[in-house]
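Q: First the structure, which I've put down as structure tokens, then a few questions once you've had a look.
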Amino acid sequence: MAIPACCKKYGLPLYCASWVPFDKIQQNSILQQEPKEETTREENSNEIKQSPSLIRYLVFGGGGGEGRSGVPNALLLAQFDFSTASLSDEPVNKLRTNEELPYRMAVHPGGEGLVCSFTQDCKWFEWDIPNSDESPKLALRSSEKLLTQLESVGLQLALSFNSEGSILAAGGEDGHLRVFKWPSMDIILDQADAHGSVKDLDFSSNGKFLVSLGNSGPCRVWDLISSVIVANLPRENDEIFGFCRFSQSSVNETLYITAMKGKHGGIISWNTTSWMRAGSKQLVRDPVSAFNISADGKLLALGTIEGDVIIVDSATKQVHTRVKKAHLGLVTVLTFSQDARALVSSSFDSSARVTVIENKKQNGYSMWLIFFIILLAIIAYITKDTEVLSYICPHMKKG
């Protein structure tokens, strides 16, 4: 099968991926310019806000690990062109991480940089826009900023910023949950035995709650103001929880948890006021290996160990888009673009893929309406039924 332009292989198993907030990075760069360029800075800032680019950056992390496999460990930057629906053939920037394998990442929403989890530590990386008269090109560099609170803490399986970028949460393979103020790294929550092992975590839209999920036991919801557990969400009927995400809606916010039951994978929704189950639906026949939700809360995405990618309408739980064998290996991560125009996925098979999301509901409705009108017109022509004609054209006079 021909490989589509939206899918590329970058030569190393990919464990983490994210869209880059390039507009925020550009604005930060403009604000750091000399004061004498105040007018130019304002004009450039307005131009960035008013003219979103068709070219978007993505960042990936992965590699061959600590062994001598010959596969490097690195953070990669690639570009996606919406006008041609294509990923760049090669990374536009590559930062080697030597013997350390990038396993998880959290990109700061304000464009400051990203936190990356390695086997023993977490490290901070910063964006770099080289001075050039041509179109700005983005690069990634190691930072002098040390995350001392996350040194020698072991592998962190989950990393996340809240929507404002003012809080950072890290969940360890050893079950230790840590939550910090950003960028001061003052501790908010330090729970050594939050779970047997922290598999996933996410912030509510207002940053008040943090949900954490482990390899066993209930899913837990933490109140970050009082630093206490406000809900333990139990499993039922041999369910196995996988991932957790808040809907990020300030009105009627919902918590979604993926669950395996037998050989089927599905989604459970929870009311965030009563913390009771609101509903559930089985969606796939394979174990779910990745999960995410769009920023507007309207779309859910699931990736399977068979390499399939499924996008689901969060309200109806109907499948919006299904890409069979999007990857040859299991899907390691899924992330929507901030505007929900596209979904990036990556895999152990070294491939990255961007799925552009079309508004099928509107298009489908229009096509069905046109089909219905044509069908009625054919019936009217054949039967000469004036009642049918008057139904199509209400203003037609009978006679």
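Q: Let me know the shape class of region 73-113, please: from the alpha-carbon gyration tensor, a ≥ b ≥ c as square roots of the eigenvalues, rounded when a/c is under 1.5, otherwise prolate if a/b is greater than b/c, or oblate.
A: In terms of gyration-tensor shape, oblate.
Q: Now, a different point. With the dipole of region 165-269 worked out from charges on the C-beta (+1 for Lys and Arg, -1 for Asp and Glu) around the Cα centre, which of C219, S204, S250 lies farthest toward the positive end?
A: Going by the Cα projections, it comes out as S250.
Q: For L101, what residues show an amide H to amide H distance below 5 Å, using hydrogens built from the backbone and excluding near sequence neighbours?
A: It is T119, by chain and number.
Q: Please list 3J(HN,Hα) in residue order for region 22-30, calculated via the Karplus relation 6.51 cos²θ - 1.76 cosθ + 1.60 where θ = phi - 60°; whole Hz, with x for glycine and proline.
A: My calculation for region 22-30 gives 5, 5, 5, 5, 5, 4, 4, 5, 5 Hz in order.
Q: What does the extension gain come out to for F82 and D349, with contour length at 0.36 nm per residue minus their alpha carbon separation?
A: So the extension gain works out to 93.7 nm.
Q: Show me 226-236, 156-166 ranked by packing, highest mean number of other Cβ atoms within 10 Å first.
A: Highest to lowest by the protection proxy: 156-166, 226-236.
Q: OK, next. Figure the gain on full extension for D339 and R96 (residue separation times 0.36 nm, minus the Cα-Cα span) and round it to one decimal in nm.
A: 84.5 nm
Values in this text are rule-based calculations from the coordinates and carry no lab data. Every value quoted in this text rests on a predicted model; they were computed, and no experiment measured them. Please note: Cβ atoms are built from the backbone with ideal geometry, for glycine as well, and neighbour counts cover all protein chains shown.
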